[in-house]
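Novice: Quick one: this structure, given as structure tokens, is what I'll be asking you about.
The values are calculated or read from the model by the stated rules, or taken from the named source; none is laboratory data. Keep in mind the model is a prediction, meaning the values are calculated, not measured. Neighbour counts are summed over all protein chains in view; Cβ atoms, including those assigned to glycine, are modelled from backbone coordinates with ideal geometry.
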Amino acid sequence: MHNKIDSLFSHLWQDYLAITPSAKKVHDLLEEFESGHSDKSTKLVNDHIALRTFNIEKINLDKLASHFLALGYTEQGQYDFTEKKLRAKHFEHASDMHPKVFISELLIEEMPVDVQKIILKMVDNIADDQSLKDNFLYSGTHWQINTQEYDTLVAHSEYAAWMSVWGFRANHFTVSLNHMQHFNSLEQMNTLLKESGFVLNSSGGEIKGGPEVLLAQSSTMADKIEVKFTNGKKTIPSCFYEFAQRYPMGSGNLYQGFVAASANKIFESTHN
Ligand code: NI
């Protein structure tokens, strides 16, 4: 089971790096910083990854989640993002060495009809049982769209536009600061990243949350990649890298949930 989990995250990671070159640089920088302060090399641990989808039955949140439930994950939290027309759940494994999984879905009935039509046309290309395949979670898009369709989506939902270009894959990986030896705070990590030239998402402040909500998060802004549409090219945001610091609850255990107000701002890391 553990090998299967590691294998899935390894595929997701490689697929993510292919369109997020800055994540590899940040990863190497943080690992080097950790190792540089000790004799042995240190591996980063992921706090969570995030996946996106639409609430269309054959590919909805529950379909994506079924892959993780089969690997021993359990559902641990539900979140609503009214303004962005999204719903999300998070899943945990009993071992904290396996990343938590945050899956969101766009509520397409809350989108204008022209947006719904484009999304339904995209998803029509996916066979009914496709979402059960082992590689579905990093299968990318199953459709092609044109630049006008992209522009229609982006005008109403940056999330829908992101899905139309990148499809099924990790939207971000998240470094767990709690598993690091040489960073005491997210501020310290952010300073290193900014000094090294990386751009952080400052929507709602560079650090979302904090000790008062038991979770502090920051993230890079997504890389921008040239993408081919059926009628031309556009350079648009791909994926970003996130950083999380968790704080202990009354029990002494670290809080493992998510904070909707912070996640709401983190979504904007892929905005144009
Ligand atoms: Ni996240």
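Novice: Which one is nearest to the ligand (Cβ to nearest atom), of the residues in region 21-77 that are among the small types (Gly, Ala, Ser) and more than 26 Å from residue 193 (Cα to Cα)?
Specialist: Top of the filtered list is 77.
Novice: Any residue at all in region 226-239 that's within 16 Å of the ligand (Cβ to nearest atom), in contact with a strand residue (DSSP E or B) (Cβ under 8 Å, 6 or more places away or on another chain) and under 19 Å from residue 99 (Cβ atoms)?
Specialist: Yes, there is a match, as at least one residue in region 226-239 is within 16 Å of the ligand (Cβ to nearest atom), in contact with a strand residue (DSSP E or B) (Cβ under 8 Å, 6 or more places away or on another chain) and under 19 Å from residue 99 (Cβ atoms).
Novice: Given the options 103, 108, 119, name the one that is in contact (Cβ under 8 Å) with a residue 12 or more places away in the chain and within 19 Å of the chain's Cα centre (by Cα).
Specialist: Criteria check complete, one pass: 103.
Novice: If you don't mind, another one. Among the numbered conditions (1) loosely packed, with under 13 Cβ neighbours inside 10 Å; (2) farther than 22 Å from residue 65 by Cα; (3) polar (S, T, N, Q), tell me where residue 125 comes up short.
Specialist: Tallying (1) loosely packed, with under 13 Cβ neighbours inside 10 Å; (2) farther than 22 Å from residue 65 by Cα; (3) polar (S, T, N, Q), residue 125 fails exactly one: (2).
Novice: What number of residues within region 192-234 are in contact with a Leu (Cβ under 6 Å, 6 or more places away or on another chain) and either closer than 28 Å to residue 144 by Cβ or not polar (S, T, N, Q) (or both)?
Specialist: 4
Novice: I would also like to ask the following. Would you be able to tell me the number of residues in region 176-188 that are at pLDDT 95 or above, touching a helix residue (DSSP H, G or I) at 6+ places or on another chain (Cβ under 8 Å) and surrounded by fewer than 23 Cβ atoms within 10 Å (Cβ to Cβ)?
Specialist: Selection size over region 176-188: 1.
Novice: Being surrounded by fewer than 21 Cβ atoms within 10 Å (Cβ to Cβ) and in contact (Cβ under 8 Å) with a residue 60 or more places away in the chain is the filter here; which residues of region 71-94 pass it?
Specialist: Scanning region 71-94 gives 71, 72, 76, 77, 79, 80, 81, 83, 84, 85, 92, 93.
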